[in-house]
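Reviewing the structure listed below.
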Amino acid sequence: MSHTIQAVRGMNDILPDEAVLWEELEETLRSWLQSYGYRNLRTPLLEPTALFRRAIGEATDIVEKEMYSFVDELSGEALTLRPEATASTVRAAIQHNLLYGSPQRLYYLGPMYRHERPQKGRYRQFHQVGAEALGYPGPDVDAELLLMCARLWDDLGLDDIKLELNSIGSPEERLRHRSELVQYLQAHEDALDADAKRRLHTNPLRVLDSKNPLMQSLIEAAPRLLDHLGEASLAHFEGVQQVLKDIGIPYSINPRMVRGLDYYNLTVFEWVTDRLGAQGTVCGGGRYDGLFEQIGGKPTPACGFAMGLERLLALMQEARALEPAARCEVYVLHQGSAAGRMAFGVAEELRNHGLSVIQHCGGGSFKAQMKKADASGAVLAVILGEDEAAKNEVSVKHLRQQREQVRVARATLPDTVTNLLFFLEEDQDPVAK
């Protein structure tokens, strides 16, 4: 008698009772991403192996040990099941010229593949949701991505997820740090484990990411990359932190965080919890300004994150709460430094009242921002200039109808916007009332 065929180890069936929770989570994720202006991109499961070798890095664990790669017998082409989707997103953006004329906020949702040892929260076929902000150079988008994550934890009713933040600077700054780090590690080579010795000359920065408890004191005393950052990198990092402080999102700086992929620069971050055992990272990401050029495109700034659905579902089993998000209704424009800082709080206050909001990022004149607001599909524009910021007021403009622009106190804005949207749905004029 033949043996019963089983699923591949680490690649799990999702049965109907489980799929209900998956569907609820996926619906929440799509609504949440759309409420920040992110649009779906779907890339193939199979990509040329060269894409990941070039993007992720030859000396990473993923490329060295974990990729499902093979040669197509018909074409002779080297192919790989995607182990992550940022490289695929950038490849698609280059191939289809997606950034022609404007930056893009994109998201993906689907399965990834890595040949790892299966354990709780880590499987060989796993599912990720990720957001990629392409074409935005400043720290504002970095900060927005972090605000997005904080909102998702609240929407899902998840507690005890903490933000760790770092900056790994520019390639030139990392090169200077690398030289000092290699010297330090060579002086303590007897204390390195086999993995660290292997990485010493190929990817020494990853030694700092070791979880080996016997090496932690050595790692703690190693030269810090933060001490090698120049003025521009430090200013970018301060810009991200300032928004987090303004909104009141707690975080800690982890100077040893480097992330496991070679394409990162400047901001890197992880959202971590102690409720998943050894697999404590719920979400990770950062800025990757060099990746476009690395895989054959023009130099383009970019930033993003990815999170595992299996890990989110594991946390949700303890705290079962899903809140559906609203459609996109409001676009927030701002001009000037004070108005720019105020805009983050205004947008979050509107979202706190159940409204879906796109906040403008990337600078530009009011005219250029109004074009983006009109193209976004939003019903109302909330406008902040230096005069509004000085008086703690905001202006509200109708984008779909010829109606009078109004100016209101910031404290009354959520109620004003809610009333305007209600009367618009009823095809009435609240001013006439």
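Flag: Gly130 does not match the condition of being part of a strand (DSSP E or B) and over 26 Å from Val243 (Cβ atoms).
Of note, Arg30 does not satisfy the criterion of being in contact (Cβ under 8 Å) with a residue 60 or more places away in the chain and loosely packed, with under 15 Cβ neighbours inside 10 Å. Counting the residues of region 380-401 that are surrounded by fewer than 20 Cβ atoms within 10 Å (Cβ to Cβ) and within 20 Å of Cys328 (Cα to Cα) gives 7.
Each row is one residue, and each column tells you yes or no for (1) in contact with a helix residue (DSSP H, G or I) (Cβ under 8 Å, 6 or more places away or on another chain); (2) loosely packed, with under 15 Cβ neighbours inside 10 Å; (3) among the basic types (Lys, Arg).
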| site | (1), (2), (3) |
| --- | --- |
| Leu145 | no, no, no |
| Asp159 | yes, yes, no |
| Ser167 | yes, no, no |
| His177 | yes, no, no |
| Glu189 | yes, yes, no |
| Asn203 | no, no, no |
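For region 1-42, filtered to residues that are among the basic types (Lys, Arg) and under 28 Å from the mean Cα position of the chain (by Cα), the residue that is farthest from Cys361 (Cα to Cα) is Arg42. Checked against (1) buried (at least 18 other Cβ atoms within 10 Å of the Cβ); (2) in contact (Cβ under 8 Å) with a residue 40 or more places away in the chain; (3) under 30 Å from Ala196 (Cα atoms), Val63 passes all but a single condition, namely (2). Considering only residues in region 1-58 that are in the same structural domain as Glu132 (by TED's automatic domain parsing) and on the phi > 0 side of the Ramachandran plot, the one that is modelled with the lowest pLDDT turns out to be Gly57. In region 181-196 there is no residue matching the filter, namely being outside the structural domain of Asn265 (by TED's automatic domain parsing), within 22 Å of Pro139 (Cβ to Cβ) and not aliphatic (A, V, I, L, M). The residue that is nearest to the chain's Cα centre (by Cα), counting only those in region 224-238 that are surrounded by 18 or more Cβ atoms within 10 Å (Cβ to Cβ) and of a type outside the set (A, V, I, L, M, F, W, C), is His236.
The values are calculated or read from the model by the stated rules, or taken from the named source; none is laboratory data. Quick caveat, the model's predicted, so the values are computed rather than measured. Backbone-built Cβ (ideal geometry, glycine too); neighbour counts: all protein chains shown.
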